[in-house]
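Below is one structure, written out as structure tokens; the observations come after it.
The values are calculated or read from the model by the stated rules, or taken from the named source; none is laboratory data. Worth saying up front: this structure is predicted, and the values here are computed from it rather than measured. No Cβ is skipped: glycine too gets one built from the backbone with ideal geometry, and neighbour counts run over all protein chains shown.
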Ligand SMILES: [Zn+2]
């Protein structure tokens, strides 16, 4: 068994051998006194949070493939070519080949096929990458080894990202899930930062600056982030990344990364508090408005499941009282604080459904008081709708909705997202 590449020496070696112009800036992040290798002191680890699960992990134990033999590079190529053919509507490929200089007339599918055909060459270089190709065949191979989360709101199928040698995955935040990415071929150097207020507000400001004119230099704030940990991910190793960690990656060899993600009810409320960051990020995305509305609809469904008591020990609609901890409790506590941001990203229909979910819950829940603020009522059935609208629903909701539907008309359907390599469905 080879040893893990999580020390400063090992990371430095990998970057020294790398011919990418991004290797030097990456190296300088390790020298600026703000970051360290993954093998680090407890004080560095603690910045990520109080539990072991808050800290990024890499190793064979994190891989759902377990002791199973991984497909060879040739085998992988054939699997991916098949998946590419099966992909309805064509693959996502970034940047789209037709946006390059004149003289290139290749479809995204052809460009993706060329890249996949070259994954057997560790030094192959291409301008583009495939961010998330759905891979049922790979999912079948590793399905039994996937982590069984508790309180799972949703889990994604396995997708594969294909990166040629020297491809940089630019600075971005990890999405709301915990993701598990196994390197099937290649080598990638990673830097993962803790999702602290400083780091996330730095990133949010960078997204906002980038959205004004799309100057990529505005996103180059990695030197300002603090507490990152770096490592080299080798073939067969799985990487576990907690939600919202800022991250940066550099493929030093042609790489294929297979990823699945889990979103749990326990991170639902912490995620709601990140909506300002997400709003800034959607502005940087070509089809960000559509993503934002999809996200709002997904969140509305998750909220309905939490309010229905799916994740609590007893049912607040039938038994005793509202639980004093757990996802329902934290959602009740946080609602007034997050309601403006959350309802602000929803379309009309989703907002309506969310309001209905809440009022039905507040009427059905045990006791005579409002479960959010404790106000007592004579008849919940008669009074709760009005109380909810007055006390627990955004005031500006109707005006905001009209602006949203205008923006939605202008969404460019062609663009897609190259930044998020571990994207959710
Ligand atoms: Zn109330």
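Exactly one residue out of 134, 195, 170, 223 is over 29 Å from residue 273 (Cβ atoms) and touching a residue at least 40 places away in the same chain (Cβ under 8 Å): that is 134.
Only one entry in 213, 249 is at pLDDT below 95 and out of contact with any helix residue (DSSP H, G or I) (no Cβ under 7 Å at 6 or more places or on another chain), namely 213.
Take the residues in region 257-275 that are over 14 Å from the mean Cα position of the chain (by Cα) and modelled with pLDDT of 95 or more; name whichever of them is nearest to residue 180 (Cα to Cα). In this case the residue turns out to be 258. Scanning region 396-404 for residues that are surrounded by fewer than 13 Cβ atoms within 10 Å (Cβ to Cβ), at pLDDT below 90, at negative phi and in contact with a helix residue (DSSP H, G or I) (Cβ under 8 Å, 6 or more places away or on another chain) turns up at least one hit. Within region 359-382, if we keep just the residues that are part of a helix (DSSP H, G or I) and more than 10 Å from the ligand (Cβ to nearest atom), the residue that is nearest to residue 309 (Cα to Cα) turns out to be 361. It is to be established whether one or more residues within region 139-155 are farther than 27 Å from residue 22 by Cα and in contact with a helix residue (DSSP H, G or I) (Cβ under 7 Å, 6 or more places away or on another chain). Yes, region 139-155 contains at least one residue that is farther than 27 Å from residue 22 by Cα and in contact with a helix residue (DSSP H, G or I) (Cβ under 7 Å, 6 or more places away or on another chain).
For every residue, the table says whether it meets (1) crowded, with 18+ Cβ neighbours inside 10 Å; (2) within 24 Å of residue 245 (Cβ to Cβ).
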position: 276; (1), (2): no, yes
position: 282; (1), (2): yes, yes
position: 300; (1), (2): yes, no
position: 304; (1), (2): no, no
position: 307; (1), (2): yes, no
position: 331; (1), (2): yes, yes
position: 367; (1), (2): no, no
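Residues that are surrounded by 12 or more Cβ atoms within 10 Å (Cβ to Cβ) and modelled with pLDDT under 85 within region 76-89 are absent altogether. The strands (runs of 3 or more DSSP E) found entirely in region 225-336 that carry 3 or more residues being assigned by TED's automatic domain parsing to the domain that holds residue 29 and farther than 28 Å from residue 205 by Cβ are 246-264. Residue 238 falls short on exactly one of the conditions (1) surrounded by fewer than 22 Cβ atoms within 10 Å (Cβ to Cβ); (2) in contact with a helix residue (DSSP H, G or I) (Cβ under 9 Å, 6 or more places away or on another chain), and that condition is (1).
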